[in-house]
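Enquirer: Below are the structure tokens for one structure; questions will follow.
Readers should treat all values here as calculations from the given coordinates under stated rules, not as data from a laboratory. Worth saying up front: this structure is predicted, and the values here are computed from it rather than measured. All Cβ positions, even for glycine, are placed from backbone atoms using ideal geometry, and neighbour counts span all protein chains on display.
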Amino acid sequence: MRKMIIHGGWVNSHFFVWAEQTKKSRFDQVDSFKYPFLYSPFELKLLLYQYDAHSFYGTFVRTGQAVLQVPLQNRQVQSPAGDATVYQADQQTKHYPFPIEGIKLTSDEFVAQLPLIKTWADLPYVELGYDLKVWIDLAYEVKSLIGKGQFLPAANGTWKLKENDIPLKSWTAALPKVSFCLHAEQPNSKEEETDRQKEERLAIALHTIADASIRAVMNKSNVQESFEGWRESVGEKWRPLVQTLASNAIKQTPVVQPKGRLEQELGTSKQTPFQTALRIEEPIEPTGDWKVKLCLSDREHPTHIVEMTDLEKGEHPWRMNPISHLKMDAIAISKSVPFLEQMSLANASIQLDADDIYLLCTTYDGTLQELGVHLIVPNWLKQKHSFNVNLAVDTPKQQDIYSEPLLNWENVADFTYTIAIGDVVLSSEDFTQFVEEKRPFIYQNGQWVAWDPSMAKKLESYLEKLDHQATYLDTLLLDEAVGEDELDLDVEWEIEWQEEMKERLTRVYQEEPPLITLPEAFPGELREYQHKGVSWLTHLRRAGFGGVLADDMGLGKSIQTLVYMLYVKEAQKQAKTDHSEPFLLICPTSLLYNWAHEAQQFAPSLRVFIHHGQTRITQLLESEELEQWDLVLTSYQLAVRDAEAFQTIHWNGMVLDEAQHIKNVDTKQRSVIKQFKANHIIALTGTPIENRLRELWSLMDVTNPTLLGRYNAFSNQFIKKIEKEKDSERLEQLQATIRPFILRRKKDDLTLQLNLPEKKEQLHHVHLSLEQAAYYQAVVEEVSKQLHEVSNMERRSLILRSLTRLKQICNHPAHFLKTRDMDAHESGKWDEFLRIIDSIQARGEKVLIFTQYKEMGSLITQELETRMNHPVPFLHGSLTRAMRQALITDFQTNEQTSAFVLSLKAGGVGLNLTAATHVIHYDRWWNPAVENQATDRAFRIGQTSDVTVHKLITTGTVEERINRMLVSKQTLADEILSSEAAQFTEMTDDEVLQLIRLTKD
């Protein structure tokens, strides 16, 4: 067998192994463009690793390419493997590049395989080239130096040998020329490398071997323990660099340090007892020059400064001479800081302007720290001051009538301001002048103050915007630290209000308002909490704010509102002010006559006009007609339809009952009503938040426009943070912002002393009949097939339609099949419902039955009339007002009428049905607030008996999943006053199927 010679050398960070072999005979075919003696890399790795199980005997060893710069003499390649002519070269060519293939080892693999590489010499017919032998010897020499501790961390996060301990010249001379003939790609120059270039290549290779060798022992427990102790001992700034020394992460960008400084910072060499410093001296006069002086400071006592003049005399406290150290640092400073390029030992004091001083303290501060240079600044420059803006708000003179607003918060504010930076106070004129001059330092009243000119410019622009656009409400929000995210500046705001406004705002935000004297025209009595509610509404009106009265259903929101109106009218009459416009109250159509009735009962002196009929527009627009009324009642539908007429009147006040009707941000109804003008706006609702925070924003934006900002900003600042990220700080911030403008009392609050009877809830879990289960499964399978085949719009429709069908199946097959023959089908829920009805009837008690479906209500009514042999009232949206009132009166007064069936939407609000002691929710609505409102038709003030609420839930179906959602939803209303409602149509396919799939529970 022919002899084989193994070579090796470094190509960048890899060790490249290749082999050459003598030709069989001088007549062998030779490819002119390939190295004539190259041995196959594939056969080479199988040969060299034939006993190495770790690489699966060479299978997993990687191969690669390199360029071999071969020396020529008269076009002849002269190699230990033989001679060959390179015909494409001319006689003058000294080197010729051949692409070659071989084994490519990483530095870690090379270090780990050193013992194996040494054994290659024992293989038959294999000879190690002199270049490979030298690299093996050098690698072990590097290991020996490491064992003696002759290594250091490098600035790029690698390990290196101590340069003074490497005999670089002699080692370079010992390497054969072939060691420098390997390249990653063809060299640009045809000239042979200089000795200096070879030394640089060798130094890189040695540091690469050293880095891999040290990292190889890092996983040893004793090494890890020592390394961790060292890492903890260095400064926080250097820990990322130290951490890279133990990891295989990409090396970081080298830090700039004078020679030897990095080792001192990392504690791998002894620090000098002194440190180079630059001392800033401010001018005595504001127009004078600033000075930067080169000096030294003591490390242990940084305030001990030695000036250059003293150093030149040798007057310093240290045993070693610091001049060489200072000279080296001065050179580094001059190279790193452009405006200090003239600095040297001979020129140790440089004059600069204020802008350069500012750059030195900001832009170049980090550079000086990396150089290990201590920057000494005047004490005033160390002090960081935020901007303190004092706004003195000038509020216009208002009539001295308690019932009238002091201020229209939507008007553009009139104010003056001063800016305080530390102890320096600037007038608006001085502040503007300093900003225009772009001064980084201010000299005022005999003292210097530092500020950030760019931040000052932003503040000036913001103040200019406030001066032209800010309303009084915007100004208030600054005082309450709302919306500061928009400015993104470190600013403290101090707002000075005139005395009465200051008193009002203090009461709005910090105290309960004083109780008002109840109007003489009020014929009844108020509970204490209701008196507080009326006083709160009156106080908000005086302060100029709208409010949301969000008491639980049945706590008397209507009586509080009517007494508030009486109070305002009496105060206006006593002050003899011209307020001929009436109040406007908008409510659902079904509640118009409820309000008329309650006004007659609790505020008989109020002249009430119900806006309806053919002549309603004429009566509304004719001022003489309008002056006859104190209160105009209308519905949401008519308010939108007759919006043009309503917008022509500036109302004494506007009340929005069941204000959840304006909860949807994008509806025309909300948009139209927001355009109505009134001295004061009040929203009444038992559910200020039904599902999501956007409903709260919608309410507040109508009652107090701009209080919570624009919707997009509110969404980013609060909705996403609270509903999705559960940010407790944002939750607290929102609570603090809205607290003064929402009054919410709950029935379970013992302080209200309501003495209400007990409300008990019973969940009735029922099972599907076999017939129901078959229908249910058929719908689920149909949905599963269609869900992936429809468009987005069709998908939404499919989901909603399928949910309705599934809920109808849970109710009763007759409901699903649209038949009235109940006895021909079986339903587990229906059987349980009839059992509950029989039990209630046996005790002689009355019951309300709520269903969201008119068809199901009709089926229930039909069955109950048959069982009770008596008419059963059914209230739904198609009834006239008179018919509705007749049904309510009959149930409340007729002992024979023991059951009342109600559509959830039509009968769930505004009704007083305290004759009932049981409430049955036959099917479940998506929203807990709607169900609670319906329950409160019976459980309210005036109820003297305990109320039992029955909720029917079909086990293992969509109804059970809805119930879980209702329980979780109840918690946004309790916290802000709900976690985000699931948007069923936006669910993924898997989520939809999980919601509706029949389970074996």
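Enquirer: Of the listed values [x] 33.2, 111; [y] 46.7, 146; [z] 44.3, 130, grab the one calculated as Rg and Dmax of the Cα atoms in Å from the structure here.
Expert: Looking at Rg and Dmax of the Cα atoms in Å for this model, the match is [z].
Enquirer: Between Lys148 and Thr85, how many nm apart are label points set 7 Å from Cα along the C-beta direction?
Expert: 5.3 nm
Enquirer: Let me ask something else about it. At Gln351 and Asp414, where each label point lies 7 Å from the Cα along Cα→Cβ, what is the point-to-point distance in nanometres?
Expert: 5.2 nm
Enquirer: Considering segment 4-216, what Rg and Dmax in Å follow from its alpha-carbon atoms?
Expert: 17.8, 56
Enquirer: Which of the lysines could a cross-linker bridge to Lys829, judged by Cα under 24 Å and excluding same-chain residues fewer than eight apart?
Expert: Here the lysines satisfying the reach criterion relative to Lys829 are Lys759, Lys760, Lys807, Lys818, Lys846, Lys854, Lys905, Lys951, Lys1000.
Enquirer: Describe numerically, in nm with one decimal, the distance between label points set 7 Å from Cα along Cα→Cβ at Thr577 and at Lys3.
Expert: Result: 11.7 nm between the two label points.
Enquirer: Any chance you could run the full-extension gain for Asp490 through Ile305? It's 0.36 nm times the residue separation minus the Cα-Cα distance, nm to one decimal.
Expert: 63.1 nm
Enquirer: Given +1 on the Cβ of Lys and Arg, -1 on the Cβ of Asp and Glu, and no further charges, what dipole in debye does the chain carry about its Cα centre, rounded to the nearest 20?
Expert: Rounded to the nearest 20 debye, it is 3380 debye.
Enquirer: Sort 423-435, 366-378 by the packing proxy (mean of other Cβ within 10 Å over each peptide's residues), most packed first.
Expert: 366-378, 423-435
Enquirer: Please list the three semi-axes, largest first and in whole Å, of the ellipsoid equivalent to segment 529-752, using sqrt of 5 times the eigenvalues of its alpha carbon gyration tensor.
Expert: 30, 20, 16
Enquirer: With no solvent and one equal point scatterer per Cα, compute the Debye intensity ratio I(q)/I(0) for segment 761-996 at 0.10, 0.11, 0.15 Å⁻¹ and report its log10, rounded to two decimals.
Expert: Scattering profile of segment 761-996, log10 relative to I(0): -0.49, -0.59, -1.07.
Enquirer: So, one more: By the scheme Lys and Arg +1, Asp and Glu -1, what is the net charge of all other residues having a beta-carbon under 12 Å from that of Pro283?
Expert: -4
Enquirer: Given all pairs of different Cα atoms, what value in angstroms does the Kirkwood hydrodynamic radius of segment 839-940 take?
Expert: About 13.5 Å for segment 839-940.
Enquirer: Right, next: Would you kindly derive the ³J(HN,Hα) couplings of segment 658-669 from the backbone phi angles with the Karplus curve 6.51 cos²θ - 1.76 cosθ + 1.60 (θ = phi - 60°), listing them in order in whole Hz, with x for Gly and Pro?
Expert: 6, 5, 4, 5, 10, 6, 7, 4, 9, 7, 5, 4
Enquirer: Hey, got a sec? Which trypsin sites (Lys or Arg not before Pro) in segment 72-149 land in a DSSP loop and have at most 15 other Cβ atoms within 10 Å?
Expert: Here the trypsin sites (Lys or Arg not before Pro) that fit, given the DSSP loop and packing criteria, are Lys94, Lys148.
Enquirer: Return the subset of Lys569/Lys677; Lys3/Lys177; Lys94/Lys162; Lys465/Lys724; Lys133/Lys198; Lys557/Lys674 for which the Cα-Cα distance in this structure is over 26 Å, preserving the input order.
Expert: Among Lys569/Lys677; Lys3/Lys177; Lys94/Lys162; Lys465/Lys724; Lys133/Lys198; Lys557/Lys674, the Cα-Cα distance tops 26 Å for Lys94/Lys162; Lys465/Lys724.
Enquirer: Ranked from highest to lowest mean number of other Cβ atoms within 10 Å per residue, what is the order of the peptides 163-175, 730-742?
Expert: Most protected by this proxy first, the peptides run 730-742, 163-175.
Enquirer: Let me ask something additional. Estimate the FRET efficiency between Glu732 and Arg231 by the formula 1/(1 + (r/R0)^6), using the beta-carbon distance for r and 51 Å for R0, to the nearest 0.05.
Expert: So the FRET efficiency works out to roughly 0.85.
Enquirer: So, one more: For Tyr567, what is the net charge nearby, where nearby means another residue's Cβ is under 14 Å from its Cβ and Lys, Arg count +1, Asp, Glu -1?
Expert: +1
Enquirer: Loop only per DSSP, at most 12 neighbouring Cβ atoms within 10 Å: give me the trypsin sites (Lys or Arg not before Pro) in segment 285-370, ordered by residue number.
Expert: Lys313, Arg319
Enquirer: Quick query: amide H of Gln444 versus all other amide H atoms, modeled in the peptide plane; which residues come in under 5 Å with a sequence gap of 5 or more or a different chain?
Expert: Residues meeting the criterion, in which the H sits 1.01 Å from N, are Val449.
Enquirer: Compute the Kirkwood hydrodynamic radius of segment 93-192, taking the inverse of the mean of 1/r over all pairs of distinct Cα atoms, and give it in Å to one decimal.
Expert: With all distinct Cα pairs of segment 93-192 included, I get 16.3 Å.
Enquirer: Same structure, new question: Suppose R0 equals 41 Å; then what is the FRET efficiency for Glu127 and Gln342 from their Cβ-Cβ distance, rounded to the nearest 0.05?
Expert: The calculated FRET efficiency here is 0.05.
Enquirer: In segment 274-382, with Lys and Arg counted as +1 and Asp and Glu as -1 at Cβ, which of these residues, Met320, Val373, Thr303, has the Cα nearest the positive end of the dipole, that is, farthest along it?
Expert: Farthest towards the positive pole: Met320.
Enquirer: Apply 1/(1 + (r/R0)^6) to the Cβ-Cβ distance of Trp318 and Asp108, taking R0 = 51 Å, and write down the FRET efficiency to the nearest 0.05.
Expert: Efficiency for this residue pair is about 0.70.
Enquirer: Compute the projected area of the convex hull of the Cα atoms of segment 274-382, averaged over all viewing directions, and report it in nm² to one decimal place.
Expert: Average projection, Cα convex hull of segment 274-382: 6.8 nm².
Enquirer: Further question: Show me the ranking of peptides 153-159, 548-554 by mean Cβ neighbours inside 10 Å, starting with the highest.
Expert: Highest-to-lowest ranking by the protection proxy: 548-554, 153-159.
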